[in-house]
Each structure stands twice: as structure tokens, then as C-alpha cells.
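These notes are about the structure you will find just below.
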Amino acid sequence: AIEEDIHDEL
Amino acid sequence: MNIFRLAGDLTHLASVLVLLLKIHTIKSCAGISLKTQELYAIVFATRYLDLFTTYISLYNTLMKLIFLGSSFSIVWYIRKHKIVRRSYDKDQDTFRHYFIVLPCFVLALIIHEKFTVREVLWAFSLYLEAVAILPQLVLLQRTRNIDNLTGQYVFLLGAYRALYILNWIYRYFTEPHFVHWITWISGLVQTLLYADFFYYYFQSMKNNGKLQLPA
């Protein structure tokens, strides 16, 4: 989840 | 999702709508840089490539589709639409793509969070987005007299970036391990590029006058 976090941004 | 992030996304959406409004209803793209629009199309195409591989949320997917669709249709309008393309200031919009795209790609190959296709493209899209506004700012400087919609478009884009910075500050303090130097620094650089424009934008608002940049 830590690696994914920034990729929820546009 | 925090309020700054949502406000940032909606401001970004508003900027695109203002630009589409200008192009679609007034049938004019005067003062709009095709170079900047093409760079944005590349930015979204490379960043949102994960659209088909990773699902985050319906909101995320819809926004990605909107930004991809709008950026490519704006480029199409300026290049191909028989009326709109006549208002394009071709001689003034002289920025060279590869001076921007190539260095950004090389930088992404060197500086990234992980050496994977997705992360290198992600870094590339961040670097490219940071400087994609430059041709537009140069064009504004040359045009001097800026119409209201163009001024609002650039203002909304700048506001969107400023709100994203507030979003990162908020996330840093509320989410464990939320540290993303590449995103933050390129985002900060991008926002700083608007500083000069913001100054004259607020000045013109105070004087209730037309937005005019100094020569």
C-alpha cells in the first residue's frame, strides 16, 4: 500500500 | 482523499472546461499555445498508461479519461478544426518540443523511485508536466494583451498546482511513510513557474483592469 499511495493522484 | 486534493482536481477540471469553452463556443484559440497542449497530451498519455493495468477508484478512472480525452481533443481542435485553427498564433508559438521532452526523459531514466516502466514513465510525466506550461507563458509574454478566458485558464492551472502542494503537506502529516521527493520537487518547480503570472494576475484584479504582462 505504501508504494501505491502516490499513484492515486492525478 | 482530502479537501485540498479534491479542490485541486476540480480546479484542474475547471481550467480544462474554460479552455474548451473558449475553443468550442467562441471558436478561437488565440493566445493558446499548441505546444503546451501537445506536451500535456504526452504527460497524460504517459502517466495514465496504468489506466488499464491498475484500478484505483471510479473517481480516478473517470478523471483520467476526462483529462486524456480533453487534452487530445484540444490538440485536435487547434490543429484540425477548420475555423479554430485559423486563430492559432503559429508564428508566436515557437517553442521546440524536443528541448523539453528529451531532457525530461533522460532525467527520468536517471532519477526515479524504481527502475520499472511504470515508475520511469511516471517520473517522466512529472518532469514534463513541470515545464509544459513554459511555451504558454512565453506566448502570453509575447501576446501582451491577454483575453479573460486565457488569463483564467492559466490562473486555474496555477491554482490547481498550488492546491496539490497543500494536499502533499496534509498527506505528509496524516499518512505514515508519505514521502515522495520526485513528485514534490517537480510539483514545486511547476508551481513556482506561475509566480510571475500570479503577481500580474492579482495586480490586474486589484486595478480592475485587463491582464497585461510587462514587455
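The values are calculated or read from the model by the stated rules, or taken from the named source; none is laboratory data. None of the values given here were measured: they were computed from a predicted structure. Using ideal geometry, Cβ is built from the backbone for each residue, glycine included, and neighbour counts are taken over all protein chains shown.
Values as computed for the structure displayed
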quantity: Unique match (being at pLDDT below 95 and either touching a strand residue (DSSP E or B) at 6+ places or on another chain (Cβ under 6 Å) or hydrophobic (A, V, I, L, M, F, W, C) (or both)) among B:95, B:44, B:67; calculated: B:95
quantity: Only one of B:11, B:25, B:36 that is more than 13 Å from chain A (Cβ to nearest Cβ), within 22 Å of residue B:151 (Cα to Cα), in contact with a helix residue (DSSP H, G or I) (Cβ under 9 Å, 6 or more places away or on another chain) and of a type in the set (Val, Ile, Thr); calculated: B:36
quantity: Scope the range B:144-159; condition buried (at least 18 other Cβ atoms within 10 Å of the Cβ) and in a helix (DSSP H, G or I); matching residues; calculated: B:149, B:150, B:151, B:152, B:153, B:154, B:155, B:156, B:157, B:158, B:159
quantity: All positions within the range B:12-43 that are in contact with a Phe, Trp or Tyr (Cβ under 8 Å, 6 or more places away or on another chain) and among the small types (Gly, Ala, Ser); calculated: B:15, B:30, B:33, B:41
quantity: The range B:78-109: number of residues that are farther than 21 Å from residue B:30 by Cβ and more than 20 Å from the chain's Cα centre (by Cα); calculated: 2
quantity: Top-ranked residue in the range B:160-174 [being within 12 Å of chain A (Cβ to nearest Cβ) and without any contact (Cβ under 8 Å) to a residue 24 or more places away in the chain; ranked as surrounded by the fewest Cβ atoms within 10 Å (Cβ to Cβ)]; calculated: B:172
quantity: Some residue of the range B:193-203 being within 14 Å of another protein chain (Cβ to nearest Cβ) and over 20 Å from residue B:92 (Cβ atoms); calculated: no
